[in-house]
1. Scan the range A:474-491 and give yes if some residue there is within 30 Å of A:Asp355 (Cβ to Cβ) and of a type outside the set (Val, Ile, Thr), otherwise no.
2. Which one is nearest to the other protein chains (Cβ to nearest Cβ) among residues in the range A:29-69 that are β-branched (Val, Ile, Thr) and closer than 30 Å to B:Ala259 by Cβ?
3. Does B:Ile140 meet the test of being facing another protein chain (nearest Cβ under 10 Å) and crowded, with 23+ Cβ neighbours inside 10 Å?
4. Only one of A:Ala201, A:Ala192 is within 20 Å of A:Thr265 (Cα to Cα) and of a type outside the set (Ser, Thr, Tyr). Can you tell me which?
5. So the check is Cβ under 8 Å with 6+ separation or different chains; which pairs have a first residue in the range B:229-242 that's within 21 Å of A:Ser46 (Cα to Cα) and a second one that's in a helix (DSSP H, G or I) and small (Gly, Ala, Ser)?
6. Hey, can you tell me all the residues within the range B:393-435 that are among the charged types (D, E, K, R) and either within 11 Å of chain A (Cβ to nearest Cβ) or more than 21 Å from B:Phe334 (Cα to Cα) (or both)?
7. Output the number of the condition that A:Gly435 fails; it satisfies all remaining conditions of (1) within 14 Å of another protein chain (Cβ to nearest Cβ); (2) over 32 Å from the mean Cα position of the chain (by Cα); (3) of a type in the set (Gly, Ala, Ser).
Amino acid sequence: MSRQKQKKQNQKNRRGQAATVRRVLRLLGSYRPLLVLSLFCAAVASLLNLAIPLLVGNAIDRMLGPGATDLPGVLRIALAIGGCALAAALAQWLMNVLNNRMTFGLVYRLRREAFGHLQQLPLSYLDSHSVGDVVSRMMTDVDQFTDGLLLGFNQFFTGLLTIIGTLVIMLTIKPEIALVVILITPLSLFAASFIARRTYAMFRRQSETRAEQTAMVDEYIGNHKVVAAFGQEDEAQARFDEINNRLTRCSLRATFYSSITNPVTRFVNNLVYAGVAVTGALLCIPVGGVSSFTVGRLTSFLSYANQYTKPFNEISGVLAELQNALACAARLFEILDEPTVPPDAPDARVLEKADGNVALRNVAFSYSPDRELIRDLNLTVRPGQRVAIVGPTGCGKTTVINLLMRFYDVNSGLIAVSGTDIRGITRDSLRANWGMVLQETWLRAATVRENLCMGKPDATDEEIVAAAKAAHAHSFICQLPKGYDTVLGEGGGALSQGQKQLLCIARVMLCPPPMLILDEATSSIDTRMELKIQNAFAKLMQGRTCFLVAHRLSTIESADVILVMRDGKIVEQGSHAELLARQGFYCHLYNSQFDPAD
Amino acid sequence: MKKLLPFLKPYTKESIISPLFKLFEAGFDLLVPIVVKRMMDEGIPAGDRAQIWRLCGVLALFALAGIACSLTAQYFAARAAVGFGAGLRSALFRQIQGFSYEQTDKAGTSTLITRMTADINQMQTGVNMTLRLLLRSPIIVFGAMILAFTVNASCAWVFVVVIPLLAAVVFGIMLAGIPLYRRVQQNLDRVTSITRENLNGVRVIRAFRKEREETDRFEQANAAHNRIQNHVGRISALLNPVTMLIVNGGLIALLLSGAVRVEGGSMTTGDVFALTNYMSQILVELVKFADVIITVNKALACASRVESVLDMPVGMEVLDIPADPSAAGSAVCFRDAGLTYAGNAAPSVSGIDFTVRPGETVGIIGSTGSGKTSVVNLIPRFYDATEGAVLVNGRDVRSYPPGELRDRVAVVPQKAVLFRGTVRSNLLWGNGNATDEELWQALELAQAKDFIQQKPGGLDAPVSQNGRNFSGGQRQRLCIARALVRSSADILILDDSSSALDYATDAALRAALRHLPGKPTVFLISQRTASIQHADRILVLEEGRPVGLGSHAELLEGCPVYREIYESQFRKGGESA
């Protein structure tokens, strides 16, 4: 990257960051009074905490020996310390409570908003972003953002205030000693940042080697059965030990170097302490009967010297945290900024019960502008007709279904259901008229019954069992530990792929809408089972307009219209007999599966 | 713990030196207030500048000695911890390598991977922290108290009150928090899983118009998470203010009782200074100690999980069973064999009873879950038959020494798995001594020669983790080649290993398998009748029971299940979707 480009990039980043910060401040909106109050509490607490060593010093100056002790004075100061301590504790507690309310409240609100937004995002967004990525933005990023932002900000503020307060107090009491502190302290910061830079490289080596080892463990233990079948245990061990030895070496370095930060800062701190002690003690010695410093003051100074480096270390950590928080916020905002699907047209019609007419007129569609997918697709389906879509994997069969369900909208042309352009029908009522069984079965982590009732929440037990029986799912459901009340794990849990598919079929059978979409609905069921549920399917499809996607050609021969797709385009269209007679791509596909085996 | 301590044993020296030097360092830290006290009590009143400088030198020396001690301690702690982790990791890996299939099933691979990685890392940190801090903090706390007594016994009662009080607050809040934090985590997991489920099922959810219901479900979990977070927050918000309050209370008590005694002459100003100094040291250390306890606690939980893996018995027992003369001359002989997987109530297969001649090809067919793989898993003794027996070359499989049986059986598993390395390194798994010529021959038989030849590097072409840089069909063919390289094997098992191949390649593969060099006995599992119809005999399974055994023609005639399967694939499918 050229320097100028980089500069531009930096500028852009900074502008982006500034925008993020402004947005964050807006987001804090209703929390602003709380935030101000929390900062006020932080200020009170840290100032009072700074006052206590001063008071202790004053008390000590009132007990210089027998006869030189001002008992009432000490008592007064003790009361003052008690007051300060109580007020500081109260302020700190209030600050903690306020911070909790803000962070937890913000997390809650952001997640709610993000989830609600996800429900309205177009599928084009969700299809092009991995689930893991979206989940991590909603969970990890939200947590880190709020934590880093509010706590980090608070720590930064407190730290800064403590440093300034300490400096001001020390400078006003005794500038000479304050200078000793100010001069030696940078040593510690310098040492800490030096070590941090050195250890960063070592940590990177360590995590790289660790990742290599994890990958190997993943591969060899995940496939241990194959390793065992080929008797490769010793070779695996040798490879593992080789990586392990390398890991040990860089791990030792990383662990040791990272653990020297504390001793080194403590060392510098101890030097500061000795410096303050000696200058303070020397100043305490009366010169010409007057000493310019007292033992009590020295006590206060030593307290400050002890705590002085701590906020520095904290602040440098906080800055990194704040940067990270902003990055997390930006990732989250990306989701929230994603435009939702346009709402239904105000005059959109509610489709009560579709009559089964479906028409596609000059439909064109592509997922991305640079790659044309469907062009000029025309199709008229009469009620009760069966349309099959066939073609090799990845040819875009599912795209047609995406359009019919309005998961995506056509680029041009129109799709009409019951004579109305589907863009003039509410999405809800359109989808209510379609029943869908997909290849990728989806079951929710809930009971079998709840999963079956998705389309008809008020179904009776008899209806549920009847649907399960029709889908040949009843017998295996009964074998589950709690029958219909068995709770399935996330994604269907322990059920086999075929069983999950049977449940999805039963789900549609329970409440069949007037039109059906079956996308590889039986792909995970073996051919014998498929034959068995054929009758149920036939009954289901009776009188319903039906779109089928399948790659087993034997299951679609009886369709009224077959669309043959290849590379996203419809290359042939017609009945089974017509297409065979045409001797084209369909004929080729059809024959290849019956090729004599030898 | 008994199984884990030996891993620390090679680092006994380190494990003693590290805390010992930490102890020295703590000692220097504790002596500092005494030195300053002497400055105050002797140097300043006497105006003895030389003594003040001397004492300052002592402080600097303490600082130097302190850093030297703590660096030594950190170094040895790191060595012990890292060495401990490395040894444990290697031993655990070895243990897992020795697991039988049943043991792997029982432990679960993802669990084993977590034990190997995250758990051991956590334990390594635990050892490191234990050596460095577990001793230091109590020593400082109690050392401060003891020194307080030497400074002024009559004032030291404050420490006797404050320390237990502080400890009670710090550990009380910590202990109250641990179970709550677990609940916070559970709630968070639930919010995560609802989000993930929602994203995975977005099509179904929108098709069934469940967006609102989903939002409500999420809202409930989200609100529950918020409530528990606030609950935990209210408790942990107390920690800092309350401990500070206690320490400041102690400070006040020290000042007041100190002032009285200074007036009475039984105590010096320096004494008061030293005591107040110890008071603040105690607080810092107690908070650190609470952190260490949490780390150590986590490490202990990991330790018991790792230990449970180390405690599992390894491998399978070799039994002394004499060869059975009645099975002489057979390649594989099933004697009413059955298999019930551990934890299952019903057998997955049972009543398998037939004998296979050397060189015979046996097809096995049946629906998903009918027990096809379970039958062949008995041959290389991946699992032990729970009823009956399985004999290979006339000998019970349980009487073969480990390794020998698996050398005679080559398996192409259902899941086509390759390992990171090169094509060659993967093929050599079959037989480490195979020549390139033999490798190419196996590739040719497995219909994989063409695409390997086209790959840059040929046999040395890289294979990425799990073979991801090859397509499913290519992986399957490479797995077949890997098995064919095993020339010592006289039994070859192909478990549904052509499912990702197109019809033409599948046919060519089957033709090649019929003319294998050495004429091995072949077991062919498939769901496609086309793939097995030319086998010498076909075993038909239904729900774990054999329902037919014979040639294709015989079964079409006499086995209704086989006929149904065949017809479902070869006759017009009719009305199905």
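1. No: the range A:474-491 contains no residue that is within 30 Å of A:Asp355 (Cβ to Cβ) and of a type outside the set (Val, Ile, Thr).
2. A:Thr69
3. Answer is no for this residue.
4. Within the list A:Ala201, A:Ala192, the selection yields A:Ala192.
5. Filtered contacts from the range B:229-242: B:Ser236/B:Gly177; B:Pro241/A:Ala88; B:Pro241/A:Ala89; B:Val242/A:Ala89.
6. Residues satisfying the conditions are B:Glu404, B:Arg406, B:Asp407, B:Lys415, B:Arg420, B:Arg424.
7. The one condition A:Gly435 does not meet is (2).
Per-residue answers, yes or no, for (1) of a type outside the set (Val, Ile, Thr); (2) within 22 Å of A:Tyr108 (Cβ to Cβ); (3) more than 13 Å from chain B (Cβ to nearest Cβ); (4) in contact (Cβ under 8 Å) with a residue 12 or more places away in the chain:
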position	(1), (2), (3), (4)
A:Asp147	yes, yes, no, yes
A:Gly152	yes, yes, yes, yes
A:Gln155	yes, no, no, yes
A:Thr158	no, no, no, yes
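Rule-based calculations on the coordinates, nothing more; no lab input. Everything quoted here is computed from the prediction, not taken from an experiment. Don't worry about glycine lacking a Cβ; one is built from the backbone with ideal geometry, like all the others, and counts go over all protein chains shown.
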